[in-house]
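What follows is one structure encoded as structure tokens, with my remarks underneath.
The values are calculated or read from the model by the stated rules, or taken from the named source; none is laboratory data. Predicted model only: the values in this text are computed from it and were never measured. Positions of Cβ are backbone-derived with ideal geometry, glycine not excepted, and every protein chain shown enters the neighbour counts.
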Number of protein chains: 2
Amino acid sequence: MQDLKKIVMAGAGNVATHLGLALKDAGCEILQVYSRTQESASLLANKLNCTFTTRAEDLSKGADLYIFSLADHALEEIMQAFPHKDAFVVHTSGSIGLDVMGRHLKNCGVFYPLQTFSRDVSLDFGSVPLCLEASDTLHLESLKNLALSISNNVHFINSQQRETLHIAAVFACNFTNHLYAIADEILEKEGVDFDILHPLLEETLRKAKQNKPADVQTGPAARNDLPVIQKHLQRLSSLPAYQKIYNFISQSITESKKKKS
Amino acid sequence: MQDLKKIVMAGAGNVATHLGLALKDAGCEILQVYSRTQESASLLANKLNCTFTTRAEDLSKGADLYIFSLADHALEEIMQAFPHKDAFVVHTSGSIGLDVMGRHLKNCGVFYPLQTFSRDVSLDFGSVPLCLEASDTLHLESLKNLALSISNNVHFINSQQRETLHIAAVFACNFTNHLYAIADEILEKEGVDFDILHPLLEETLRKAKQNKPADVQTGPAARNDLPVIQKHLQRLSSLPAYQKIYNFISQSITESKKKKS
């Protein structure tokens, strides 16, 4: 098992930024930042107090760990261009299997933070679930030690589970936020502040955490209240995309209730 | 303005139960509970330490306020059968306009708690938004006083705003919970516990409360990452209802991003 202290960050987006800062705070030395554009590379390098490059070929050698935190389509490219084929490399993607890295690199792994990061929104990294996978147990143990230095929420998750986690996160986080945005938009037109929904949103989440979400489903679709559903669909007729979402989710809720009963 | 102290609850569902208990705790005297079935009527009457009836014709006279907390389709029926046409009556529905009550009753109003109630899940009523409307300002003031005795979150909301609020709540609460349930279901199949998503769900809500939700949208659809979206849709092919929801919400997110940029 190796102590992973010297780290190179390839990527300068939301995940790379939050992860790089957390690692630096935990005492790691960030050697270098890579990003395709000089602007984003230098911005993160400044925050991490290190050098930067915009050419994958110029990635420093000698780091204990290379973290590739890039969009999925850019990952394959950088793995080909990456000059240090024996180095230990992880990616941070929810949807790329470990086997994809294995084609290019001998010592590889995954370091997937299951969280939503916005560049300018600070967050406490200490409770972010870190989902780890590696090409062998020694590297997995090294990753685990590193992960525990920045979070108390560390999991071993294989590639198939991670892909499912990613899909689940899209439903429960990304899509949920879009539903909030829809609510905000239709309330704004009526002169009502979105804040009035805050207690409801908090309670919805609290109940879903303390129970099985399907067991605490409420609302018109859950009680198959067709007159209310029809009324709402009619009110949404000027917003066809939202009307379609209302319709399909309502149907899905009603179906789920039928299956349960 | 009248002090509303003696109250009759028509209805014994989730809203009636939580509201009745909160009013009793605040010092109101609940005179009677009405429900169509003896079982639910007696259950709530026991909790509120009062009598009950299963016949609308037998609703006690002399209460300061009658709260009709029934399914929408049952409201019109009880308003017809209700014998005390001069009494002050409110309903607790998000989707029935004040004008519907006005056809049957002179002194009427709305007392709409914007919250999700599950019968066996206790909650702090003190922060539940109460949306009020009444046939005249005197009754509205009386309602406001009553509302402030159980919550610090009281709003005057007209019928059209309330209907929009109800639709917004369906999106942001009921539909959000269904997305949680979908996430739970697909994770369970993979042997992963839903709990691993909790920090992500908390952060999603925290960000949406502190920002405009549309401004903090993340995920594959927000960055128009078609390969990931295609991969997810393919993985969902055995769950066509969820695949359809994935597809339409993703399209809606991408459309919203286009409109913003």
In region A:8-30, anything part of a helix (DSSP H, G or I) and among the aliphatic types (A, V, I, L, M) is listed as A:15, A:16, A:19, A:21, A:22, A:23
The number of residues in region B:40-70 that are within 13 Å of residue B:20 (Cβ to Cβ) and either surrounded by fewer than 15 Cβ atoms within 10 Å (Cβ to Cβ) or charged (D, E, K, R) (or both) is 3
Scanning region B:207-226 for residues that are in contact with a helix residue (DSSP H, G or I) (Cβ under 8 Å, 6 or more places away or on another chain) and either more than 8 Å from chain A (Cβ to nearest Cβ) or in contact (Cβ under 8 Å) with a residue 60 or more places away in the chain (or both) gives B:224
Just one listed residue, out of A:22, A:16, A:12, is at pLDDT 95 or above, in contact with a helix residue (DSSP H, G or I) (Cβ under 6 Å, 6 or more places away or on another chain) and closer than 16 Å to residue A:90 by Cβ, and it is A:22
Per the filter on region A:191-206, residues more than 7 Å from chain B (Cβ to nearest Cβ) and among the hydrophobic types (A, V, I, L, M, F, W, C) are A:194
Exactly one of B:27, B:20 is assigned by TED's automatic domain parsing to the domain that holds residue B:145, within 19 Å of residue B:143 (Cα to Cα) and surrounded by 20 or more Cβ atoms within 10 Å (Cβ to Cβ), and that residue is B:20
Exactly one of A:186, A:229, A:196 is out of contact with any Lys or Arg (no Cβ under 7 Å at 6 or more places or on another chain) and in contact (Cβ under 8 Å) with a residue 40 or more places away in the chain, and that residue is A:186
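If you check residue B:138 against the conditions, is it more than 19 Å from residue A:248 (Cα to Cα), among the hydrophobic types (A, V, I, L, M, F, W, C) and either modelled with pLDDT of 95 or more or surrounded by fewer than 17 Cβ atoms within 10 Å (Cβ to Cβ) (or both)?
Values: more than 19 Å from residue A:248 (Cα to Cα): yes; among the hydrophobic types (A, V, I, L, M, F, W, C): yes; either modelled with pLDDT of 95 or more or surrounded by fewer than 17 Cβ atoms within 10 Å (Cβ to Cβ) (or both): yes.
The answer is yes for residue B:138.
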Residue A:162 passes all but one of the listed conditions (1) crowded, with 22+ Cβ neighbours inside 10 Å; (2) touching a strand residue (DSSP E or B) at 6+ places or on another chain (Cβ under 9 Å); (3) facing chain B (nearest Cβ under 7 Å); the exception is number (3)
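Each row is one residue, and each column tells you yes or no for (1) modelled with pLDDT of 95 or more; (2) closer than 18 Å to residue A:206 by Cβ; (3) out of contact with any Asp or Glu (no Cβ under 6 Å at 6 or more places or on another chain).
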residue: B:192; (1), (2), (3): yes, no, yes
residue: B:208; (1), (2), (3): yes, yes, yes
residue: B:213; (1), (2), (3): yes, no, no
residue: B:221; (1), (2), (3): yes, no, yes
residue: B:238; (1), (2), (3): yes, no, yes
residue: B:251; (1), (2), (3): yes, no, yes
Given the conditions (1) surrounded by fewer than 16 Cβ atoms within 10 Å (Cβ to Cβ); (2) in the same structural domain as residue A:71 (by TED's automatic domain parsing), every one holds for residue A:129 apart from (1)
So the strands (runs of 3 or more DSSP E) completely within region A:31-144 holding 3 or more residues that are more than 14 Å from chain B (Cβ to nearest Cβ) are A:51-53, A:65-68, A:88-91, A:107-113
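On the given criteria, is residue A:188 part of a helix (DSSP H, G or I), more than 7 Å from chain B (Cβ to nearest Cβ) and at negative phi?
yes
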The condition of being closer than 21 Å to residue B:217 by Cβ and of a type in the set (Ser, Thr, Tyr) holds, among A:218, A:204, A:164, only for A:204
Any chance region A:91-107 includes a residue that's at pLDDT 95 or above, assigned by TED's automatic domain parsing to the domain that holds residue A:32 and under 17 Å from residue A:35 (Cα atoms)?
yes
